[in-house]
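The values are calculated or read from the model by the stated rules, or taken from the named source; none is laboratory data. All of these numbers come straight from a predicted model, not from anything done at the bench. Positions of Cβ are generated from backbone atoms using ideal geometry, with glycine treated the same way; all protein chains shown enter the neighbour counts.
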Amino acid sequence: MTHPAAAPSGAAPAPRQALRLVIVTDAWEPQVNGVVTTMRNTSRCLEEMGHEVTLITPQAFRSLPCPGYKEIRLSVFPARKVARLMEQARPDAVHIVTEGPLGMAARAWCLRNDFPFATACHTQFPEYIRLRAPVPTSWSYAWLRRFHRPAHTTLVRSRTQRESLAARGFGHLRLWPGAVDTELFRPRGKDALDLPLPIALYMGRVAVEKGLESFLDLDLPGSKVVIGGGPDLERLESEYPAAHFLGPRFGLELARLLSAADVFVFPSRTDTFGLVMLEAMACGVPVAAFPVPGPLDVIRDGSTGAMDEDLAAAVFRALGMDPSACVEFAEMHNWERSTERFLAAQLPAGHHQDSNCTPTASPSVSSLRVGPPIKPRNSSDQVA
């Protein structure tokens, strides 16, 4: 099998010719989260550019639910099948999204075949583990550092994440910020929620790492709304009967509900970016959050939202902000631009490609799809 040779340093230019890309992810539908939304939209944009995409996802494998998090499926003994699918795809580039069973199998195949690959750090995985089990974050970061070390590029979602990982000894880090579908997420009026005002809304996964209690415990006027599902949903519904838990919502209904809010509350301290903040801004809703990585990279404090260690103070300050400033900021983050940055990072430095992202010829668009078809843009999911 032929593949591009890696060069010792420098940034890879964006490819001009049509490429065959293999994207391997343990996070996929029916999971509802930012990683799934990001990779689905990125894959769609790559195909619209004329590239051939092979998705290797848990849907092609026997799997078991993750202990304590049944929505996450862990593939069982996937190595042989992953190797077979990789060989069939004949990739020009391999991108490994996650560090789970599929990601580990793809990494092993690349190392065994001396094939360059890129990776990404989408979450603060060690912090997630620490919230669920007494595992020191230093152990988890040591394992992640070992996983990502052979990659020619590791994509990160924000500048603060890049600085944090670099300080922990991670190398070859490259920034890949998030994006938002502004055709779906845009101001759609305030009539979708008939509740006392002002409406403070959270949208995303209902899980311990999202810090929802920090929002639900606030003494605020008006109404609190939670959109999303997850392992903590039933417990929080029982403990906070005054809040309105709407469960998972999708597409246009989700965009209308989000637009009806007066402030979007993002209580997480463990996110690397937080696509939902951009989606709220695109709907003209300012964001209130803690001043931590994720919000620090997304919110323009005093313009598109407010950050404060006193989350209630951030909520009250955000309520008075101009919705048009939020929309203008979100419109700068589109999926096409994000995908171009992703594509530019997939080939190792020194690979001889032009810097224009447009392919010179259309490939035979018979992409080997190991998983469901990519949904069109207007069916975007609620994300976390």
Name every residue in region 129-142 that is surrounded by fewer than 17 Cβ atoms within 10 Å (Cβ to Cβ) and touching a residue at least 24 places away in the same chain (Cβ under 8 Å), in order of residue number. LEU131, ARG132
Can you name every residue in region 196-207 that is crowded, with 22+ Cβ neighbours inside 10 Å and in a loop (DSSP other than H, G, I, E, B)? GLY204, ARG205, VAL206, ALA207
Can you name every residue in region 165-184 that is in contact with a strand residue (DSSP E or B) (Cβ under 9 Å, 6 or more places away or on another chain) and either farther than 24 Å from ASN334 by Cβ or hydrophobic (A, V, I, L, M, F, W, C) (or both)? LEU165, ALA166, PHE170, GLY171, HIS172, LEU173, LEU175, TRP176
If you take the residues of region 149-195 that are closer than 23 Å to ARG269 by Cβ and basic (Lys, Arg), which of them is surrounded by the most Cβ atoms within 10 Å (Cβ to Cβ)? ARG157
Need the failing condition index for LEU64 against (1) at pLDDT 90 or above; (2) in contact with a Leu (Cβ under 7 Å, 6 or more places away or on another chain); (3) not basic (Lys, Arg), just the number. (1)
Residue tally, condition assigned by TED's automatic domain parsing to the domain that holds ASP297 and among the basic types (Lys, Arg), over region 190-215: 2
